[in-house]
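Asker: Questions regarding the structure given below will be posed in turn.
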Amino acid sequence: MSFSTLGLSETLLRAVTEHGYTQPTPVQTQAIPAVLAGGDLLAGAQTGTGKTAGFVLPILQLLSTPAVAKSPRASGRPIRALILTPTRELAAQVEQSVRTYGKYSKLSSTVVFGGVGIHPQISHLKRGVDILVATPGRLLDLAGQRAVNLSQVEILVLDEADRMLDMGFIRDIRRILALLPRQRQNLLFSATFSDEIKALADGLLNSPAMIEVARRNSTVEMIQQKVLPVDHARKRELLAHLIRTRDWTQVLVFTRTKHGANKLTEQLGHDGIAALAIHGNKSQAARTHALAEFKRGRLTVLVATDIAARGIDIDQLPQVVNYDLPNVPEDYVHRIGRTGRAGATGEAVSLVSVDERAFLRGIERLIKQTIPQEHVPGFAPRAAASMQPATRDAARRAQPGAPAGRRPSAAGARHQVGAPRARPAGRGRPSSQAGRAA
Ligand code: AMP
């Protein structure tokens, strides 16, 4: 399958080829023709699947035909496509994709999000843009100041809709919908399909084409996952040890809290490891700086909380570390999805202390896999006796030199990443309650 069979124009194909893509990803193969056909779309696709190009490319093509002036008084360039994303980082990245793929088109775009001055955004909008990428809160602020007119929008995209709902944006989304014309094309992308997402899709989409590329709530198959049992107090020491001994040069580390992120960053600095943190208490400028340094390879470790990391796109990120396990199992899927993107292989390592075992169980229930455990010599947890039975077993065998991460599971079967678990998946719903109740 090649891009040239998907119905895209020569100018778009040129931009895509120059960007180094040779083949469309599965979500692109399905989404591009569906969007070009002009109907609504409901797409189940996680980040890392190439979903952004899946909607940006056909939108660029559809908008390359001149807008029909709806009224003789419609002045300047009306906004013709609106892309809503949950976070600033994702918004910035999506707009960068619009620029990259739209390199040879005459369409203009801009991005608006909170945390930075509103006036430059207002003046940019005044000049007129075809494609607007926005986070919901700032867009409503701009609409309140009459700095943005959404009455000519032809295409609406809700990107990472599940995350927008998780972050409490549903009312904002409804208020934005009220500002749009009734007649329009709607595209909804979501990694998961909760009842809330289904309700939103029901109300928004008109006989949508439906595509689903990753299995629901499944982890990206290319990612090698491991659990490293360790005592809570020795996590920082283990992380520094792994970075040094395994020659990790670019590691995205997740912590549950902002405070934890700051503390770890400081401690790694004392260990001589270059690290910066990104989280909600940091200014947008500090977050952008940290991300840029990390992408340039000048920073070994980027420490992030779940929300701040959402939507971060780093080509070829080989290593993700869960310093703490998330207490909401779905966040685990989002975290490890930062690596192994668009066909690259990646490794996601979780440092798990005994007090986190309920979180681990919740995650394994959700992803329907037992994550292989590896005992790092010299770091066997003192509290091993109270870990799962399988872990105790593994701890006994985990002598220096013993093959790591290759152990039969509790059920006696060896599970590969991506393979279904031998045991039927959990009683009851594999919901986030499992982790929260821990
Ligand atoms: P996304 O899921 O849209 O965040 O994309 C994930 C990553 O895949 C990004 O780094 C893209 O640049 C990359 N990507 C998207 N489409 C392709 C493709 N057809 N071939 C190779 N890489 C791609």
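Values in this text are rule-based calculations from the coordinates and carry no lab data. Bear in mind that the values here come from a model prediction, so they are computed numbers and not experimental data. Cβ sites come from the backbone with ideal geometry, for glycine too, and all protein chains shown count toward neighbours.
Asker: Can you tell me which of 180-189, 54-63, 134-143 comes out highest on packing, and rank the rest after it, using the mean Cβ neighbours within 10 Å? The partial results should precede the final answer.
Answerer: Numbers: 180-189: 17.5, 54-63: 24.7, 134-143: 20.8.
Packing proxy ranking, top to bottom: 54-63, 134-143, 180-189.
Asker: While we're looking at this one, here's another question. Amide H of ILE278 versus every other amide H placed in the peptide plane: which residues, excluding those fewer than 5 positions away on the same chain, fall under 5 Å?
Answerer: Under 5 Å from the amide H of ILE278 lie the amide H atoms of VAL303, ALA304, THR305, each far enough along the sequence or on another chain.
Asker: Quantify how much of the Cα-Cα distance distribution of segment 223-281 extends past 17 Å, in percent.
Answerer: On the way: 683 of 1711 pairs.
Considering segment 223-281, 40 percent of its Cα-Cα pairs are separated by more than 17 Å.
Asker: Using the C-alpha atoms of segment 110-228, what convex hull volume per residue, in cubic angstrom, is computed?
Answerer: Working: hull volume 18.4 nm³, N = 119.
Once divided by residue count, the hull of segment 110-228 is 155 Å³.
Asker: Counting only pairs 8 or more places apart or on different chains, how many lysine pairs in segment 3-212 have C-alpha atoms closer than 26 Å?
Answerer: Details: LYS51/LYS103; LYS51/LYS106; LYS51/LYS198; LYS70/LYS106; LYS70/LYS126; LYS103/LYS126; LYS106/LYS126.
So the count works out to 7.
Asker: While we're on this one: Taking 20 Å as the cut-off for C-alpha to C-alpha distance, list the pairs among LYS226/LYS368; LYS235/LYS263; LYS235/LYS282; LYS235/LYS258 that go past it.
Answerer: Details: LYS226/LYS368 15 Å; LYS235/LYS263 12 Å; LYS235/LYS282 24 Å; LYS235/LYS258 17 Å.
Pairs exceeding 20 Å: LYS235/LYS282.
Asker: Here's something else I'd like to know. Cut-off under 12 Å on the C-alpha distance; same-chain residues fewer than 8 positions from LYS295 excluded. Which aspartates and glutamates are left, in chain and number order?
Answerer: Cα-Cα hits under 12 Å: ASP313, ASP315.
Asker: Same structure again: Would you kindly calculate the mean projected area, averaged across all directions, of the convex hull enclosing the Cα atoms of segment 128-184, in square nanometres?
Answerer: On the way: hull surface 15.5 nm².
The orientation-averaged projected area of the Cα hull of segment 128-184 comes to 3.9 nm².
Asker: Could you work out the local net charge near ILE118, counting Lys and Arg as +1, Asp and Glu as -1, over the other residues with Cβ closer than 11 Å to its Cβ? Present the calculation step by step, with values, prior to reporting the outcome.
Answerer: Values: positive: ARG138; negative: ASP141.
Neighbour charge sum, excluding ILE118 itself: 0.
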